[in-house]
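The values are calculated or read from the model by the stated rules, or taken from the named source; none is laboratory data. As the structure is a computational prediction, the values presented were derived from the model and not from experiment. Glycine also receives a Cβ, built like all others from the backbone with ideal geometry; neighbour counts cover every protein chain displayed.
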Amino acid sequence: MRKTKQRDVILRVLSEHMDHPGADTIYEEVRKFLPRISLGTVYRNLDIMSESGAITKLEIGGSIKRFDPVINPHPHFRCVKCGSIEDLPFEINKSLFSDKPDNWDNGRTIQNLNIEYTGLCISCNGNSHS
């Protein structure tokens, strides 16, 4: 992946927003630094960056695509009420990503892992009785 000013700004914005923003949110933030950038350019760069492994594209819970600057496999928590997404501090068994996982290979290669927990976030859980 070629390094560009647009990709640098997108990555910086994404790294400052650990709430896994969607492309529209990233676009609005990037425009503060690059006012002439188009939404299409942001979408294209997000796709290129996720395909190259520089960022992670989250397509979970049937929601809009969200983006994560953390590229190591890790689980997420999604609030079913407000839709917020946050990283969980659990370890993922990285041996699943080796060339020959124990007792289960048969020609398979795992390329991605998506573990999503759902429930109510702290804010929504506090408001669930209203």
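Are there any pairs, at least 6 apart or on different chains, whose C-beta atoms fall under 8 Å, with the first in segment 1-26 and over 15 Å from residue 37 (Cα atoms) and the second hydroxyl-bearing (Ser, Thr, Tyr) and part of a helix (DSSP H, G or I), and if so, which?
1/52; 17/25
Quick one: which residue in 65, 32 is among the basic types (Lys, Arg) and at pLDDT below 95?
Selected residue: 65, the only one of 65, 32 that is among the basic types (Lys, Arg) and at pLDDT below 95.
Which one of these does residue 95 not meet: (1) modelled with pLDDT under 75; (2) assigned to a loop (DSSP other than H, G, I, E, B)?
(2)
Could you grab me the full set of residues in segment 33-72 that are among the polar types (S, T, N, Q) and surrounded by 15 or more Cβ atoms within 10 Å (Cβ to Cβ)?
Selection gives 41, 45, 50, 56.
Among the residues of segment 37-55, are any under 25 Å from residue 27 (Cα atoms), at pLDDT below 90, within 13 Å of the chain's Cα centre (by Cα) and polar (S, T, N, Q)?
The answer is no; no qualifying residue exists.
Determine the pairs where a residue that is crowded, with 16+ Cβ neighbours inside 10 Å and among the basic types (Lys, Arg), located within segment 73-84, has a partner that is part of a loop (DSSP other than H, G, I, E, B) and modelled with pLDDT under 90 with Cβ atoms under 6 Å apart, the partner being 6 or more residues away or on another chain.
78/61
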